[in-house]
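What follows is one structure encoded as structure tokens, with my remarks underneath.
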């Protein structure tokens, strides 16, 4: 059962103070910083208790290998995308913010569609996400940030329940970026996200009408009223962060499309193998893994 | 004869074409309007009361 304790600080008049008290090293790192992409620590502090509640109490996320993310310096996190709403990114952000010994923010590259919904794009930017363009990614890496990329893109989040945990081919752009900027890649396998919203069917014609990337039919959407239609199932999650991979290719190799595609596929298969293993080891959807397997 | 016939016919055809075009543009305008209304309705139902909520509301109205 969820304990709700993490929601105590939600809606406080001064969320920054609560964040400073609870997570001083994260607060010190980013307070007063001017961010050209719109990151606002106050907005982050307002929403952090809600996502921490999801992370610790609701989904009870197990995070393995958080120490593989460096305390400083740039890196690109690459993972499998899932869950209709991009909650997987938020869970990894929470892990990095609360479970790492040197908390940092992760700048996820997000699709343009978010900016077509009034207020949503601004909120995503204020919580640390950045519009996915090559120039933005290069700027972030030049500033030694952690950049999160889901190379499956929107196709990954829109997978149906039958296609869960079957990864869609990675776009090789992230490998190109990693070689061009000499940045290590950190693969991340996430189990749980594909089952929080069992997605039975995508009504493409309605999606086209509403200009949405997909229009899912789930047990609660579009049947129940707002906000019940967004309630996810309390599935037990596991985030497995692999060791960083230094590709070691010279910058000129970034233009070699064949090489980039080959590396992207290898990484995709690595994550898929890990997902298959984690799913085999899982005892139950809601209780997760045996403690000795963690 | 042929010329005048042709001219007359052309005028008639042009008028008919104009009428058709204005009819088509009206139809297009109506289509766009209907699409917008449908879009708003689907958005409202999906992200508002939900399908079950709308059915419940309709049920209440019809019961009265």
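Laboratory data are not the source of any read-out in this text; all were calculated from the coordinates shown. Treat the numbers as computed from the prediction; the structure is a model and nothing was measured. Every residue, glycine as well, gets a Cβ built from its backbone with ideal geometry; the counts of neighbours run over all protein chains shown.
Structural remarks
- Three-way shape call for region A:154-279 based on the alpha-carbon gyration tensor, with the a/c threshold at 1.5: prolate
- A crude spin-label estimate for the pair residue B:57 and residue A:262, with each label 7 Å from Cα along the Cβ direction, gives 5.9 nm.
- Chain A: C-alpha gyration tensor shape, a/c 1.5 cut-off, then a/b vs b/c: rounded
- Inter-site label distance for residue A:37 and residue A:68 at 7 Å from Cα along Cβ, in nm: 2.2
- Listed residues A:231, A:214, A:50, most fluctuating in chain A (Gaussian network, C-alpha, under 10 Å): A:231
- Here the gap between residue A:143 and residue A:217, fully extended at 0.36 nm per residue and compared with their Cα-Cα distance, gives a gain of 22.6 nm.
- Computed Kirkwood radius, in angstrom, where 1/r is averaged over Cα pairs of region A:237-294: 13.9
- Restricting attention to the protein assembly as shown, close to 35% of DSSP beta bridges with both partner residues there are antiparallel.
- Calculated FRET value between residue A:102 and residue A:22, using beta carbons and R₀ = 25 Å, to 0.05: 0.95
- For region A:1-113: rounded, prolate or oblate by the Cα gyration tensor [a/c cutoff 1.5]: rounded
- Label point distance in nm, residue A:120-residue A:161, each placed 7 Å from Cα along Cα→Cβ: 2.3
- For a label point 7 Å along the Cα-to-beta-carbon line of residue A:209, residues of region B:44-64 with backbone N under 18 Å: B:44-55
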